[in-house]
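Nothing in this text is a laboratory measurement; each read-out follows from the coordinates by a stated rule. This one's a predicted model, so the numbers in the text were calculated from it and none came from an experiment. Reconstructed Cβ throughout: ideal geometry from the backbone, glycine too, with neighbour counts over all protein chains shown.
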Amino acid sequence: MTKKHNIILQPSGSRGQVEEGISIRSAARDLGVEIESICAENATCGKCMVLIEEGRFEKYNIESKRENLSPVSTEEAAYFARRPKLLKDKGWEVGQVRLSCQCKVRGDVLVNVPEESRGNKQIIRKTARERAIEIKPSVRKYYVSMTPPNLERPIADWERLAKGLETSMGLVRGTDAKLPRWHELTIDYQCLRTLSKTLREAKWQVTVSVWQDQEVIEVQAGYVEDSYGAAVDIGSTTVALYLCNLRTGEMLAAESEMNPQIVYGEDVMSRIQYAIEHEDGLEKLHKAIVATLNKLLKQAAKSAHIKTEEVLEMVLVGNSTMHHILLNLHPKDLGLAPFVPAIHKSVDIKARELGLHINPSGNIHVLPTIASFVGADTSAMIVAEEPHNQDENWLLIDVGTNAELILGNRKRLVCTSTPTGPALEGAHVEYGMRAAPGAIERVHIDEKTLEPRYKIVGEDEWNTGKAKGICGSAIIDSVAELFRAGIVDSRGRFKQGLSSKRIRKGESGWEYVIAWAEETSIGRDIPMTQQDVRQIQLAKAALFTAARTLLKRSGLESPDKIILAGGFGSYIDKEKAMLIGLIPDCELDKVYAVGNAAGDGARIALLNIEKRNEIDSVTRRIERFELPTDPEFQNQFMLATSFPHMSEPFPHIAHLIPNRVADPMAKNFMK
Ligand code: FES
């Protein structure tokens, strides 16, 4: 039997017994304490630092010792060796401070989780906006009144109901050649099992729910008007569920939660890796998401005052990895050349097969995938924005750790995807964090005084509150402002000789201090460093190059309209995004943020079955481009690392950088 040890977490006071060998971070999670991580536990982010207290703690009856943890690993030692200033400022020594993702429990310990390592509940910014949706659900209800069987007409219950339905559905009149005759209707087995009882109890007056005018999935006593459905967007970080009335289209509840798979890996690649490396990896990932979906469903049903069994259909979208894990399909081939998904087509499957607690006869519809890294969430974005029904050329961008891009109009659509890395979401940036309370979300720098102003999530006023880190939107702001104020040049290098105490040489090179230690809740200055700027340059160059490749392949100079989808797109300042060359040049009032377009698309597909058929046919004709195979990719990537770009003119934001000069290096990369 595995040994157990006591662990106490401060300041929360959470405590319990955990198995020997478990990491402190995992143990804390089991005890309900979330510790930050944005490196998938790779010992590189340092967000999970904890302090190990030593001594006898009578209150808990334990003797806490540093030796009760596994020794400091090479990776941990390397992390701390890169941060002597942090250790000095805090007065910590290695051994006392540990990376909680690396150290394993071998005895009793009392652990202090400092403010900066505490995981906050992320501010979930996935909301469904109001949209006009034509209501044509896949589930329809029909009232059927039958005469009870007797010895003269001993017809079986199902056949009796099907014949009754033929009349209710208008099949007899044969007005619609596509509708089946009664003998072509089917009944779900689970529904059949309770049919006889329901019919008799209801005295042969029932409301029948028919899926796609083909299959009976529910029989309810008497006259019932409403049916319910749920649309779900499974993001790598956040899962959002919208409960809707299938008759009226009304949204009754919206619930969201962090994706529980985060504990197995921050991004899709690390989750694929987890599934490959652990025999039960896929099962764990699959069960985790199914449990969260059931939880969200229960919460939504409760707030809408309905039972979960009244939910008759669920439409799900997610990137290809989320799609595969949900369907319990191994995602390994998504991450290996030639990068093919198990299926492109949309999938219909019974809820009970996935263990989802809607009506067991209910259907789960999963939208089609387009490529290994262009998934069902992109299909949903297309459903919501309909570039395939436009004359103008629209560029749709969904930015996350991976960016998916669709360009085109009713004649032609092209797509690609590119890893942008986690920098745009706040990871791999020294003080980067998610959009949670305490995160700086906006930054402005005065170009004369070089002094900043900033706004913190949860504060109404600028320059108030205590900062803990910088989230994605402020990272874009900071880099754009450093460039606009002339603190960094177009190649992202800090300029020398500027007189401001905020510009200084830090541990990892030049940096600009946005918030002084006394303005923060972590007691340390929060700077943007040269390395942070570099991370953003790489991310934005990847995104821009992907957009430019699609434009070029379509014979276009610039798009007529840019649509930024996803939470990140909604909160970035579009002018600043263009100023650093994150998005191609375009009229600024033609750049739109549409929020969670994938969630909107899922809702539309839930409420309108024709849209499902439409997206199935649209995705089949989208042309896919793999960026690494593009011969110009490397050169274009190099050109795109400059702000806003080494050679592209960017006329719409040129007035913000009046002294811009042509970069002589450009000619080396251009043909
Ligand atoms: S260093 Fe531990 S989670 Fe990143």
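Multiplying the sequence separation of T147 and H183 by 0.36 nm and subtracting their Cα-Cα distance, what value in nm do you get?
Separation in residues times 0.36 nm, less the Cα-Cα distance, equals 11.1 nm.
Could you pull out every residue, at least 5 positions away or on a different chain, whose amide H is within less than 5 Å of the one on A515? Hs are placed 1.01 Å off N in the peptide plane, and Pro or chain starts have none.
I526
Can you tell which of L407, I343, L639 lies farthest toward the positive end of the dipole of the chain, using +1 and -1 charges on the Cβ of basic and acidic side chains (Lys, Arg; Asp, Glu)?
L639
³J(HN,Hα) across segment 504-521 via Karplus (A = 6.51, B = -1.76, C = 1.60, θ = phi - 60°), whole Hz, x for Gly/Pro?
8, 8, x, 4, 10, x, 5, 7, 10, 7, 7, 10, 6, 3, 5, 8, 10, 9
What's the extension gain from R15 to R491 if we count 0.36 nm per residue and subtract their Cα-Cα distance?
Between R15 and R491, full extension yields 166.3 nm more.
Under 17 Å from the Cα of K552, which lysines turn up, not counting those fewer than eight places away in the same chain?
Of all the lysines, those that pass the test against K552 - Cα under 17 Å, at least 8 places apart if same chain - are K411, K561, K671.
Run down the lysines and flag those whose C-alpha is under 19 Å from the C-alpha of K85, throwing out any fewer than 8 positions away in its chain.
Straight-distance partners of K85: K47, K468, K501, K505.
Convex hull over the Cα atoms of the chain, averaged projected area in nm²?
35.0 nm²
Search the structure for amide H atoms under 5 Å from the amide H of A593, placed 1.01 Å from N in the peptide plane, and list their residues when 5 or more places away or on another chain.
Sorted by chain and number, the residues that satisfy this are L564.
I need two numbers for segment 427-530: Rg to one decimal and Dmax as a whole number, Cα atoms only, in Å.
12.6, 36
Quick check: pseudo-label points 7 Å beyond the Cα along Cα→Cβ at D589 and A77, how many nm apart are they?
Spacing of the two 7 Å Cα→Cβ label points: 6.3 nm.
Looking at segment 522-623, which GluC sites (Glu not before Pro) are in a loop (DSSP not H, G, I, E or B) and have at most 15 other Cβ atoms within 10 Å? Intermediate results must be reported in sequence, preceding the final value.
Numbers: sites: E557, E575, E587, E610, E614, E623; in loops: E557, E587.
Those satisfying the criteria are E557, E587.
List the residues, sorted by chain then number, that are 5 or more residues from N608 or on another chain and whose placed amide H is less than 5 Å from its amide H.
So N608 has HN proximity to K136.
Cut-off under 24 Å on the C-alpha distance; same-chain residues fewer than 8 positions from K3 excluded. Which lysines are left, in chain and number order?
Partners found: K59, K65, K104, K284.
Binning at 10 angstrom from zero up to the longest distance, how are the C-alpha pair distances of segment 303-382 distributed in percent?
Bins of 10 Å from zero give 20, 44, 27, 8, 1 percent of pairs.
Assuming R0 = 30 Å, what is the FRET efficiency of L498 and T464, from their Cβ-Cβ distance, to the nearest 0.05?
0.65
Summing Lys, Arg as +1 and Asp, Glu as -1, what charge do residues with Cβ under 13 Å from the Cβ of K90 carry, K90 excluded?
Once positives and negatives cancel, what remains is -1.
Sort C191, C48 so the one with the fewest other Cβ atoms within 10 Å of its own Cβ comes first.
Least to most surrounded, the residues fall as C191, C48.
Answer with one residue from V366, G46, S500: the one whose Cα lies farthest towards the positive end of the charge dipole of the chain, charges on Cβ with Lys, Arg +1 and Asp, Glu -1.
Selected residue: G46.
Got a sec? Charge dipole of the chain, +1 on Cβ for Lys and Arg, -1 for Asp and Glu; which of L564, L579, V72 is way out at the positive end?
Going by the Cα projections, it comes out as V72.
How many angstrom separate the Cα center of segment 212-254 from the Cα center of segment 283-297?
Value for the Cα centre distance between the two parts: 18 Å.
Largest first, please: the extent of the C-alpha atoms of segment 4-117 along each principal axis, to the nearest Å.
Cα spread of segment 4-117 along its principal axes, largest to smallest: 36, 27, 24 Å.
Within the chain, which whole H helices from DSSP have a Cα span along their axis of at least 27 Å and a mean Kyte-Doolittle hydropathy of 0.0 or more, if any?
Those that clear 27 Å and a mean of 0.0 are 281-304.
Kindly provide the helix-only [θ] at 222 nm of the chain, computed as the sum of -39,500 (n - 2.57) over DSSP H runs of four or more divided by all residues, to the nearest 500 deg cm²/dmol? Please report the intermediate quantities before stating the final value.
Values: 18 runs with 186 residues, N = 671.
-8000 deg cm²/dmol, from helical runs alone.
Could you size up the charge dipole of the chain around its Cα centre, putting +1 on the beta carbon of Lys and Arg and -1 on that of Asp and Glu, and report it in debye to the nearest 20?
380 debye
How far apart, in nm, are the 7 Å Cα→Cβ label points at S70 and A202?
In this crude spin-label approximation the distance works out to 5.8 nm.
With label points built 7 Å along Cα→Cβ from the Cα atoms of Y60 and K332, find their separation and express it in nm.
Going by the 7 Å Cα→Cβ label model, 4.1 nm.
Counting other Cβ atoms within 10 Å, which trypsin sites (Lys or Arg not before Pro) in segment 1-71 have at most 13 and lie in a DSSP loop?
K3, K59
First select every other residue whose beta carbon is under 12 angstrom from the beta carbon of G265; then total the charges, Lys and Arg +1, Asp and Glu -1.
Taking every other residue near G265 into account, the sum is -2.
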